[in-house]
1. Please verify whether residue 125 is more than 44 Å from the chain's Cα centre (by Cα), free of Cβ contacts under 8 Å to residues at least 40 places away in the same chain, surrounded by fewer than 17 Cβ atoms within 10 Å (Cβ to Cβ) and in a helix (DSSP H, G or I), treating the condition exactly as stated.
2. Looking only at the stretch 80-94, count how many residues are free of Cβ contacts under 8 Å to residues at least 12 places away in the same chain, touching a helix residue (DSSP H, G or I) at 6+ places or on another chain (Cβ under 9 Å) and either in a helix (DSSP H, G or I) or surrounded by 15 or more Cβ atoms within 10 Å (Cβ to Cβ) (or both).
3. How many of the residues in the stretch 26-51 are more than 30 Å from residue 127 (Cβ to Cβ) and surrounded by 15 or more Cβ atoms within 10 Å (Cβ to Cβ)?
4. (1) buried (at least 17 other Cβ atoms within 10 Å of the Cβ); (2) under 24 Å from residue 137 (Cα atoms): which one isn't true of residue 77, the others all being true?
């Protein structure tokens, strides 16, 4: 084999290594791009989860407020019921105002209880949505880690092939 043939062979090997480097770089960049897309989706799912958790916190606050109103109305209704019972024991006959007050307080108990239940239903409906958003965020995070590892492996291949290319170039004369 002549020197010229060896140079042509080395030149062909250099071009082959450069093509290989370009392919590895494209592959690495694709893995990195996919990892970033996974991270963006993960962040979106995390935000959705946090928004839903705030919704639950707000619903709990409202539910608790209505539960307190139920307790207060029950206590007031029971106090009026006790006054009615005392009045009956004393022989009172005109209890219409007290009965109306008791009925008004009972209606308030029922109304506040219904509102409390509405918020409880929101809480119960939202919890699985939170769990689903967290699960999706975890999956996207795991996938992004896998893609990052693949990108790192491609980068290591890139570095190895780049060293091989430099060694080949060192074998070529400077005049080429």
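1. It is false that residue 125 is more than 44 Å from the chain's Cα centre (by Cα), free of Cβ contacts under 8 Å to residues at least 40 places away in the same chain, surrounded by fewer than 17 Cβ atoms within 10 Å (Cβ to Cβ) and in a helix (DSSP H, G or I).
2. The number of residues fulfilling the criteria is 1.
3. Selection size over the stretch 26-51: 6.
4. (2)
Here is a yes/no grid of residues against (1) touching a residue at least 60 places away in the same chain (Cβ under 8 Å); (2) touching a helix residue (DSSP H, G or I) at 6+ places or on another chain (Cβ under 9 Å); (3) part of a helix (DSSP H, G or I):
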{"position": "8", "(1), (2), (3)": "no, no, yes"}
{"position": "15", "(1), (2), (3)": "no, no, yes"}
{"position": "18", "(1), (2), (3)": "yes, yes, yes"}
{"position": "23", "(1), (2), (3)": "no, no, yes"}
{"position": "46", "(1), (2), (3)": "yes, yes, yes"}
{"position": "59", "(1), (2), (3)": "yes, yes, yes"}
{"position": "63", "(1), (2), (3)": "yes, yes, yes"}
{"position": "66", "(1), (2), (3)": "no, yes, yes"}
{"position": "69", "(1), (2), (3)": "no, yes, yes"}
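No value in this document is a laboratory result; all are computed from the given coordinates. Remember, it's a predicted structure, so these values are computed and weren't measured experimentally. Using ideal geometry, Cβ is built from the backbone for each residue, glycine included, and neighbour counts are taken over all protein chains shown.
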